[in-house]
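First the structure, in the form of structure tokens, and then the observations on it.
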Amino acid sequence: NPGNNLHVSGLSHKVDTRDLEAAFAKIGRVKKASVMYDPHTRESRGFGFVTMETAEEADAAVTALNSTEMMGKIMTVEKVCEHPQ
């Protein structure tokens with residue numbers, strides 16, 4: 001794992017995948033962004049994942065976006081903990 005996977009929590013239920021991708025694209029190149037939805041109600045579960053192109057861009061996104069406000073809620077951005085092989 002190159003260290004470029006981010007977990008984003010504290011999201012407003014109004015934030016969708018496009019919003020998430022747009023916020024992170026201001027910092028660096030986004031490979032993939034996804035908001036997690038409840039499979040039954042289709043409502044946002046308030047968190048998602050973003051994969052940046054590089055670990056450096058992931059670090060920059062954590063620095064720039066952690067504890068910042070998006071659509072009225074403060075989001076937490078942190079690297080996904082990877083288990084050593």
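The values are calculated or read from the model by the stated rules, or taken from the named source; none is laboratory data. Bear in mind that the values here come from a model prediction, so they are computed numbers and not experimental data. So basically every Cβ, Gly included, is an ideal-geometry build from the backbone, and we count neighbours across all protein chains shown. Keep in mind that these areas ignore ligands, DNA and RNA; they rest on the heavy atoms of the full protein, side chains included. Shrake-Rupley method; radii C 1.70, N 1.55, O 1.52, S 1.80 Å.
The requirement of being over 13 Å from the mean Cα position of the chain (by Cα) and not β-branched (Val, Ile, Thr) is not satisfied by HIS7. Report whether or not MET75 is in contact with a Lys or Arg (Cβ under 6 Å, 6 or more places away or on another chain), of a type in the set (A, V, I, L, M) and surrounded by 12 or more Cβ atoms within 10 Å (Cβ to Cβ). Against the criterion (in contact with a Lys or Arg (Cβ under 6 Å, 6 or more places away or on another chain), of a type in the set (A, V, I, L, M) and surrounded by 12 or more Cβ atoms within 10 Å (Cβ to Cβ)), MET75 does not qualify.
The residue that is surrounded by the fewest Cβ atoms within 10 Å (Cβ to Cβ), counting only those in the range 8-38 that are hydrophobic (A, V, I, L, M, F, W, C) and assigned to a strand (DSSP E or B), is MET36.
Determine which member of the set ASN1, ASN5 is at pLDDT below 95 and open to solvent by 30 Å² or more (accessible area, probe 1.4 Å).
ASN1
Of all residues in the range 39-63, count the ones that are open to solvent by 50 Å² or more (accessible area, probe 1.4 Å) and more than 14 Å from VAL77 (Cβ to Cβ). Looking only at that region, the number is 8. The set of residues in the range 1-25 being among the charged types (D, E, K, R) and free of Cβ contacts under 8 Å to residues at least 24 places away in the same chain consists of ARG18 alone.
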